[in-house]
Amino acid sequence: MESLEAQLKGLMLAGLAGNRQAYACLLELTRQRLHLFFGRRLGSDAKDLEDLVQETLIAIHERRASYDIRLPFTAWLHAIAKYKLVDHYRRVKVRAAVSLDGIDEPMAEDSFGPALARIDLDRLLARLPAGQQDAIRLTRIEGISVVEAADRTGQSEANVKVSVHRGLKRLMEHVQGLKSK
């Protein structure tokens with residue numbers, strides 16, 4: 001039996017390719033999942049439940065071109081649903097603490113955290129020159145010694161150390177710049 005993730009992703013890809021029937025099926029399956037998702041958080045008889053499901057389906061439809069096909073569909077769906085729920089809480093002025101930690105439970109069956117982290121890391125490292133990328137990947141991610149990294153890259157040990165230092169410094173500046181925005 002096909003996993004929910006594989007089924008939904010297949011329907012999304014077919015829908016993006018122009019298959020209207022697959023897209024309609026995707027929206028119906030997604031509607032069912034969203035109903036469960038929001039129902040668990042708001043109560044199945046909440047007056048805003050159907051509105052929230054519809055708002056989320058509209059957001060999915062409007063943002064479908066932003067879906068990165070390298071990622072699990074449920075991760076993308078989960079992110080949209082989570083933000084719609086937060087927006088809903090703000091709109092109705094819920095001030096109680098609401099935990100979002102378990103928010104992905106009915107949506108994602110597969111573990112997508114490592115895949116997302118790898119993509120984020122690749123995007124960050126892509127901002128660096130190749131030598132700095134290599135030095136950081138080898139010493140900080142793969143965990144090999146500076147001596148081994150120097151042998152693999154053909155650089156001196158000092159150059160590997162400098163590349164790591166400068167690369168990490170640039171990454172920190174970039175990340176801190178994102179936080180201040």
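The values are calculated or read from the model by the stated rules, or taken from the named source; none is laboratory data. Note that the coordinates shown come from a computational prediction; the quantities given were computed from them, not determined experimentally. Cβ coordinates were reconstructed from backbone atoms using ideal geometry, including for glycine residues, and neighbour counts include every protein chain displayed. The protein model used for the area step is the full one, side chains on, heavy atoms only, and it has no ligands, DNA or RNA in it. Shrake-Rupley method; radii C 1.70, N 1.55, O 1.52, S 1.80 Å.
Here Met107 passes the criteria (1) more than 30 Å from Val162 (Cα to Cα); (2) modelled with pLDDT under 65; (3) loosely packed, with under 14 Cβ neighbours inside 10 Å except the one numbered (3).
Please go through the range 23-72 and give me each residue that is more than 20 Å from the chain's Cα centre (by Cα), open to solvent by less than 30 Å² (accessible area, probe 1.4 Å) and modelled with pLDDT of 90 or more, ordered by number. If the condition is that a residue be more than 20 Å from the chain's Cα centre (by Cα), open to solvent by less than 30 Å² (accessible area, probe 1.4 Å) and modelled with pLDDT of 90 or more, then Leu52, Val53 are the ones that fit.
Out of all the residues in the range 118-152, which are among the acidic types (Asp, Glu), closer than 19 Å to Val175 by Cα and open to solvent by 70 Å² or more (accessible area, probe 1.4 Å)?
Scanning the range 118-152 gives a single hit, Asp120.
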